[in-house]
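The values are calculated or read from the model by the stated rules, or taken from the named source; none is laboratory data. All of these numbers come straight from a predicted model, not from anything done at the bench. Glycine also receives a Cβ, built like all others from the backbone with ideal geometry; neighbour counts cover every protein chain displayed. The protein model used for the area step is the full one, side chains on, heavy atoms only, and it has no ligands, DNA or RNA in it. Shrake-Rupley method; radii C 1.70, N 1.55, O 1.52, S 1.80 Å.
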Amino acid sequence: MTETALPRVLCVDDEPNVLAAMERNLFGDFDVVVAPSGEAGLDAVRWGKPFAVIMSDMRMPGMDGATFLSKVREIAPDSVRVLLTGHADLESSIAAINKGAIFRYLCKPCPKEELVSALNDAVNQHRLICAEKELLATTLTASVQTLTEMLAMVAPWAFQRSAFAQSCVIHAMPELKWPDEWIYTIAASLSQIGCVGIPADVVQADAAQRKLSDEEKKLLQDHPDVGSNLVARIPRLELVAEIIRHQATVAPSDAPITVIRGAHLLRAALELERHASRGRSLSNAWDVLRAVKPPIPEHIIKALADFRSNVAVVRSVHISELLPGWVLEEDIRTSNGLMVLTKGHELTDTAISALQRLLTLHAVKDPIRVRY
């Protein structure tokens, strides 16, 4: 039988005797790590395993507890933050709680029973946060996947564009290291949901840079608002909806940082998609993104600069050999001319299954050309 791991707790204080007492009092209830300063605490958060709870003294030289926990909030937002304070620091501690979203403050000296009880409450709060994230990453993501699969059936070209954007976001995330990655990937996957009512020939004309009528231009310009209004009706996707709304512009300066970041990233991803859809190479992605107006932040350009730069193998393969992540090098149509998937589409498990079903009906040709 596997033992359940103890909750990890980081205790930060500049007094060695206080840290020693915490290790002694909390032993057996928690997996305790101690740090003698705010900087040492940040190193433990950055380079160690995640902590359920991070507790800091208020008065420390160099970096006080409020500043330390504020920085912790940026780099480890899921960790629950607790502040230890003396009575003389009460006013500044309350301000820190309001500013830094601190879960609880405790007055020093804090009896062992009160300390353990408060930390147990903080651990339970951490479990709730993790459970909520798991729900978002499974149930909600599965629902979104159903919507995108419906988009693939109704408007394959729009699905292709959103799938490309999602690939860009997934590629950029390890470099960007933003929290709540699911928000950005879902925003990309639903970014073109407002295009369902736009005829494919309008999109093809836009891709080929042919002149559009005023009505056709309005359809293309309005789709971010249409998509945003649709997504905003889904609980917990309010930030996603705002990212979608600003995919072709810059989000307002007073928007949440998640929306500002996400809008920049999505705009960059869709610019690369437009470039690729016109048959141009992505080997110069850096130059493509630097030419975009309004400017895209440099750190986002850096994160996308090598997107697909190493994709060089192009060959014909049987549908039975297809793998997720491969990219179509030709349009796939049924024997009666119905468009199934467009050139540039990144294959998913769903798309491969659909092609395999069509193949059993002798409705599509085999092999097909892909690149990977």
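Rounded to the nearest Hz, the phi-derived 3J(HN,Hα) couplings of region 344-359 under the Karplus curve 6.51 cos²θ - 1.76 cosθ + 1.60 (θ = phi - 60°) are x, 5, 8, 6, 10, 4, 5, 5, 5, 4, 5, 5, 5, 5, 5, 5, where x marks glycine and proline. Between ALA122, CYS11, PHE51, the Cα set farthest toward the positive side of the dipole of the chain (charges on each charged residue's Cβ, about the Cα centre) is that of PHE51. By a 1.4 Å probe calculation restricted to protein chains, LEU328 has an accessible surface near 0 Å², given to the nearest 10. Computed from backbone phi with θ = phi - 60° and the Karplus coefficients 6.51, -1.76 and 1.60, the 3J(HN,Hα) list for region 230-238 is 5, 5, 4, 6, 8, x, 6, 10, 4 Hz; x is used for glycine and proline.
Figure note: TRP326, TRP286 ranked by solvent-accessible area, largest first, 1.4 Å probe, ligands and nucleic acids not counted: TRP286, TRP326.
Taking amide H as placed 1.01 Å from N in the peptide plane, VAL80 has its amide H under 5 Å from the amide H of VAL53, ILE54, each at least 5 places away in sequence or on another chain. Here the accessible area is traced with a 1.4 Å probe on the protein chains. For region 108-205, carbon and sulfur cover 59 percent of it. Partner lysines whose Cα lies under 24 Å from the Cα of LYS293, excluding those fewer than 8 positions away in the same chain, are identified as LYS211, LYS217, LYS218, LYS302.
Note the angle between two axes, namely the Cα long axis of helix 16-26 and the longest principal axis of the Cα atoms of the chain, as a number of degrees from 0 to 90, rounded to the nearest 10. The helix 16-26 is inclined about 70 degrees to the chain. PRO7 sits among other residues whose Cβ lies under 10 Å from its own Cβ, and their net charge, with Lys and Arg +1 and Asp and Glu -1, is 0. Given a 1.4 Å probe and the protein chains as shown, VAL231 ends up with an accessible area of around 10 Å².
Spin-label model, ILE170/SER281: points 7 Å from Cα along the beta carbon direction are separated by 2.6 nm. Solvent exposure of ASP31, expressed as accessible area, is near 60 Å², computed with a probe of 1.4 Å over the protein chains only.
Taking amide H positions as modeled 1.01 Å from N, with prolines and chain starts lacking one, the residues under 5 Å from ASP31 and 5 or more places away or on another chain are ARG8, VAL9. Residues whose amide H falls under 5 Å from that of CYS107, counting only those 5 or more places apart or on a different chain, are THR85, with hydrogens built in the peptide plane. Between PRO297, PRO111, PRO324, the GNM of the chain built on Cα springs shorter than 10 angstrom shows PRO111 fluctuating the most. Angle of helix 112-135 to the longest C-alpha principal axis of the chain, folded into 0 to 90 degrees and rounded to 10: 0°. Between helix 156-176 and the chain there is an angle of about 30 degrees, using the helix long axis and the longest principal axis of the Cα atoms. Karplus-derived 3J(HN,Hα) values for region 241-256, using 6.51 cos²θ - 1.76 cosθ + 1.60 with θ = phi - 60°, are 4, 6, 4, 4, 4, 9, 5, 10, 9, 10, 5, x, 5, 8, 6, x Hz; glycine and proline are entered as x.
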